[in-house]
Structures are given as C-alpha cells and as structure tokens.
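Student: This structure is in structure tokens; I'll ask about it shortly.
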Amino acid sequence: MRILLASEDIPFVDKLSAAAADRGVAIDRLSAETDVDVALARHGANVYVVDADTGVRRGARSATAFAARHPGIPVVVLADRDAPAAAGLLLLDKWRSTDRLLAAIETIYIAGSSIT
C-alpha cells in the first residue's frame with residue numbers, strides 16, 4: 001500500500017510517516033499547492049488521504065473531486081473528533097493512535113481492492 005497524503009500539518013505527517021515506515025507502508029505528502037493528479041502520477045499511490053484538519057467541507061470537496069477522477073483509488077478524509085460527517089466519504093478521526101489510523105486506512109484499501 002502506498003498513501004498519498006494531502007496535509008499541511010507537518011508534525012502529524014512526520015508521526016504518521018514514522019508509524020507507516022514501521023509497517024512497511026510508504027507515504028508521500030503533498031501540500032495545498034501541489035497538483036494532486038501530478039503527485040499521483042509521480043508517486044503511484046493507491047490510497048488518497050486528505051487531512052481536512054478543521055476544514056472538513058473544503059477537504060470533502062477535494063476528496064470528492066479526486067474520487068470522481070480516480071474511482072479505483074480509495075479516498076479517506078481525516079478530521080478532528082468533533083467534525084461533522086461528510087456525506088458519502090470515509091471520515092476517520094485524525095487523532096486516534098497512528099497504528100489504529102493506519103490499520104483503518106489499510107482496511108479501506110483492502111476493501112477497495114477487492115471491489116475492483
């Protein structure tokens with residue numbers, strides 16, 4: 001599994017990347033200025049994770065647009081515990097333990113892979 005992570009929260013990215021490396025999972029981070037389709041072509045990720053932080057609606061729009069262009073790649077939105085649900089999107093609590101978060105993302109990846 002290779003994750004393309006859209007996040008501006010560098011300490012979070014570092015923590016998640018370290019936990020992912022321990023599991024043999026690659027994470028490539030992209031910033032808000034990066035074109036997600038170019039990053040996808042460059043890194044070959046097979047899961048797209050959007051760190052919506054406190055802007056769930058904005059993150060949901062980005063995730064939805066990506067999912068429409070790349071229906072074979074699972075999309076996950078990370079948000080704060082008290083964020084409102086985003087219709088039709090997989091929303092995970094950003095602040096759960098990194099191991100649990102990665103396990104949830106892996107489960108979503110495997111479920112998405114078995115559908116295609």
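Student: Within the stretch 78-93, work out how many residues are at pLDDT below 90 and in contact with a strand residue (DSSP E or B) (Cβ under 8 Å, 6 or more places away or on another chain). Lay out the reasoning, then the answer.
Tutor: Looking only at the stretch 78-93, we keep the residues that are at pLDDT below 90, and these are 79-93.
Narrowing the set further to residues that are in contact with a strand residue (DSSP E or B) (Cβ under 8 Å, 6 or more places away or on another chain) leaves 79-81, 83, 85-86, 89-93.
Final tally of qualifying residues: 11.
Student: So which of 44, 24 ends up being at positive phi and at pLDDT 90 or above?
Tutor: 24
Student: Looking at the stretch 37-66, which of the residues that are closer than 19 Å to residue 79 by Cα and among the aliphatic types (A, V, I, L, M) is surrounded by the fewest Cβ atoms within 10 Å (Cβ to Cβ)?
Tutor: Step one: filter the stretch 37-66 for residues closer than 19 Å to residue 79 by Cα, giving 47-66.
Next, only the ones that are among the aliphatic types (A, V, I, L, M) stay: 47, 49-50, 52, 56, 60, 63, 65.
Details: 47: 21, 49: 25, 50: 27, 52: 24, 56: 21, 60: 23, 63: 25, 65: 12.
By that ranking, first place goes to 65.
Student: Next question. Could you name every one of the strands (runs of 3 or more DSSP E) located completely within the stretch 1-71 that has at least 1 residues being in contact (Cβ under 8 Å) with a residue 40 or more places away in the chain and among the hydroxyl-bearing types (Ser, Thr, Tyr)?
Tutor: Fully inside the stretch 1-71 and qualifying: 47-53.
The values are calculated or read from the model by the stated rules, or taken from the named source; none is laboratory data. In this text the structure is predicted, and so the values were computed from the model without any measurement. No Cβ is skipped: glycine too gets one built from the backbone with ideal geometry, and neighbour counts run over all protein chains shown.
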